[in-house]
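The values are calculated or read from the model by the stated rules, or taken from the named source; none is laboratory data. Remember, predicted model here, so these are calculated numbers, not experimental data. Quick reminder, even Gly has a Cβ in these numbers, built from the backbone with ideal geometry, and neighbours come from all protein chains shown.
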């Protein structure tokens, strides 16, 4: 571990930043709000889906190992709307599991209600929409997370628009856990269902907003000429990685084609190491005055790369040396 410490100091420099750190976020499964496909179940108003109870799973490797307060969530909204909610609630819970049961109670041990409104109209606009939690949730830095949402859209109050949330189109992710949910018409009681009626086939695009965490996000271009649902991370696409943390902090970003089965805690380092080695440094420097540093690279137009999983993790030196969460790019065909 002394070699790892020496490597980190050589990359980052011997002087860190003690600047105060503000809000950062993780994006699941991608930091991109331009998907062509939306879903009405989580938040939207749609007569057959006006009630729902949903569970979402965030694996530990994709969450910041430094922990921190989760203060909100963002959804990418596909269509503007004014939605009268009879009820809208979010709860969070730590999880040591690896997936979701269709029995909602089996996914929860000690859920904390972080947001609740009743008989209130919410305006949704096209693009990212933030919901600020009324009570922060303090993430422990090692567990996975379960997010629960419940909604009842007041159909008699006549919603305007739908407010569908964007979802990942392609490539479908096999390494993550899709949401489970129950849904029904207004008055069906689906918001209090005990059992999920559907396991979705892809992920809802979200951002979890943290205070004081060191994070990494990933985005990708996609050529949608002739195919609006074409994959992110296709060969020839440009991938952008953004490290978030304390302003002006030195950093390095690393690459591997696999991750460890469990994160490793290293004395003197915050967070957990998920990459098998730190052999492949692809970016280094310092975060800017806003606490951000982005790095972009093109995926070669080589068909033999299709199916490769590229994994990334950053190391940031502020008041401590911290590992970020992992992000990954499953290389897809054009």
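Quick notes on this one:
- If the condition is being assigned to a loop (DSSP other than H, G, I, E, B), in contact (Cβ under 8 Å) with a residue 24 or more places away in the chain and within 22 Å of the chain's Cα centre (by Cα), then region 249-260 contributes 257, 258, 259.
- In the set (1) in contact with a strand residue (DSSP E or B) (Cβ under 6 Å, 6 or more places away or on another chain); (2) within 18 Å of residue 150 (Cα to Cα); (3) buried (at least 18 other Cβ atoms within 10 Å of the Cβ), the condition left unmet by residue 102 is number (3).
Residues checked against (1) over 17 Å from the mean Cα position of the chain (by Cα); (2) within 29 Å of residue 290 (Cβ to Cβ); (3) in contact (Cβ under 8 Å) with a residue 24 or more places away in the chain; (4) not assigned by TED's automatic domain parsing to the domain that holds residue 150:
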{"position": "32", "(1), (2), (3), (4)": "no, yes, yes, no"}
{"position": "42", "(1), (2), (3), (4)": "no, no, yes, no"}
{"position": "47", "(1), (2), (3), (4)": "yes, no, yes, no"}
{"position": "55", "(1), (2), (3), (4)": "no, no, yes, no"}
{"position": "67", "(1), (2), (3), (4)": "no, yes, yes, no"}
{"position": "70", "(1), (2), (3), (4)": "no, yes, yes, no"}
{"position": "76", "(1), (2), (3), (4)": "no, yes, yes, no"}
{"position": "81", "(1), (2), (3), (4)": "yes, no, yes, no"}
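- Listed here are the strands (runs of 3 or more DSSP E) enclosed by region 108-180 that have at least 3 residues being outside the structural domain of residue 75 (by TED's automatic domain parsing) and either within 19 Å of the chain's Cα centre (by Cα) or buried (at least 16 other Cβ atoms within 10 Å of the Cβ) (or both), and there are none.
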